[in-house]
């Protein structure tokens, strides 16, 4: 039996992997911060040894982008040091590591879709700690390791932009939403499906001698304003969405103005079909009972 450890399993992505897992012939071990301290190398090593783990999907992350600006130690512990620990163990025990990263490793000044080889230059603590985690994996180079950068993740689970817009759309007559940050949302269920499909074809990865980085989001290009407008339309909420500039909504962390991810590599290497963002939003809202 192929045994997979999924960390951060109570988050958006981990929850979607859990929901989809029954369709795959693997034995999954789902952990969270209470059941497994990913910063404790001895605890992880013991867990992997006890359960004969063959692969790790690391969904655990410190994702509070603004809070991270004043909480760098904790962000670095989870996004960098714990990832380094997992990479070291994966190399020692010859198991595969799949790690989830972010579009925030880029500064957003490219104005063309970012590919995996483009220069990274994070704007804030969150992006910097996620990049440090990536660099640790590349440095240690465990066998067949994969890093997947994604963007604007939402789900029927957890807290996210879609849920916030639905709540505010019911409470307010109008909202100002940023129009000058452009990218693509990612339905966590779609990303979970892609991750599991990649693992199901893990024999194809045997030829990979170096860490492979991939980009994944849904298809399409939009701003947060466009996203909010479509959420209101699909949910038939009468809240008026007004476009505002980033400078009108100051936050502790600077976001990339443009973080569109080029997904050609993941589609080419694994034959993955990526849904269009509106189709995935429609599916998520139906699941939540919010599609009207």
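The values are calculated or read from the model by the stated rules, or taken from the named source; none is laboratory data. It should be emphasised that the depicted structure is a prediction, and the values quoted were computed from it without experimental measurement. No Cβ is skipped: glycine too gets one built from the backbone with ideal geometry, and neighbour counts run over all protein chains shown.
Data overview
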| item | result |
| --- | --- |
| Criterion: under 23 Å from residue 174 (Cα atoms) and in contact with a helix residue (DSSP H, G or I) (Cβ under 8 Å, 6 or more places away or on another chain) - qualifying residue of 237, 261 | 237 |
| Among the candidates 100, 38, residue that is at pLDDT below 95, crowded, with 18+ Cβ neighbours inside 10 Å, under 24 Å from residue 3 (Cα atoms) and under 19 Å from the mean Cα position of the chain (by Cα) | 38 |
| Counted residues, segment 41-62 - those being buried (at least 18 other Cβ atoms within 10 Å of the Cβ) and touching a strand residue (DSSP E or B) at 6+ places or on another chain (Cβ under 8 Å) | 11 |
| Residue match in segment 216-233 (condition: more than 22 Å from the chain's Cα centre (by Cα) and assigned to a strand (DSSP E or B)) | no |
| Residue in segment 62-80 that is farthest from residue 158 (Cα to Cα), counting only those that are in a loop (DSSP other than H, G, I, E, B) and out of contact with any helix residue (DSSP H, G or I) (no Cβ under 6 Å at 6 or more places or on another chain) | 71 |
| Residue among 115, 123, 141 that alone is touching a residue at least 12 places away in the same chain (Cβ under 8 Å), more than 19 Å from the chain's Cα centre (by Cα) and farther than 30 Å from residue 233 by Cβ | 141 |
| Residue selected from segment 132-156 under the condition surrounded by fewer than 20 Cβ atoms within 10 Å (Cβ to Cβ) and assigned to a loop (DSSP other than H, G, I, E, B), by the criterion modelled with the lowest pLDDT | 143 |
| Where a residue in segment 272-292 is under 15 Å from residue 193 (Cα atoms) and its partner, wherever it lies, is at pLDDT below 95, with Cβ under 7 Å and at least six apart | 272/197 |
| Segment 177-200: number of residues that are closer than 19 Å to residue 249 by Cα and touching a helix residue (DSSP H, G or I) at 6+ places or on another chain (Cβ under 7 Å) | 6 |
| Which numbered condition residue 70 fails, given (1) more than 23 Å from residue 4 (Cβ to Cβ); (2) modelled with pLDDT under 95; (3) surrounded by fewer than 17 Cβ atoms within 10 Å (Cβ to Cβ) | (2) |
| Selection count, segment 89-131, where residues are in a loop (DSSP other than H, G, I, E, B) and farther than 30 Å from residue 43 by Cβ | 16 |
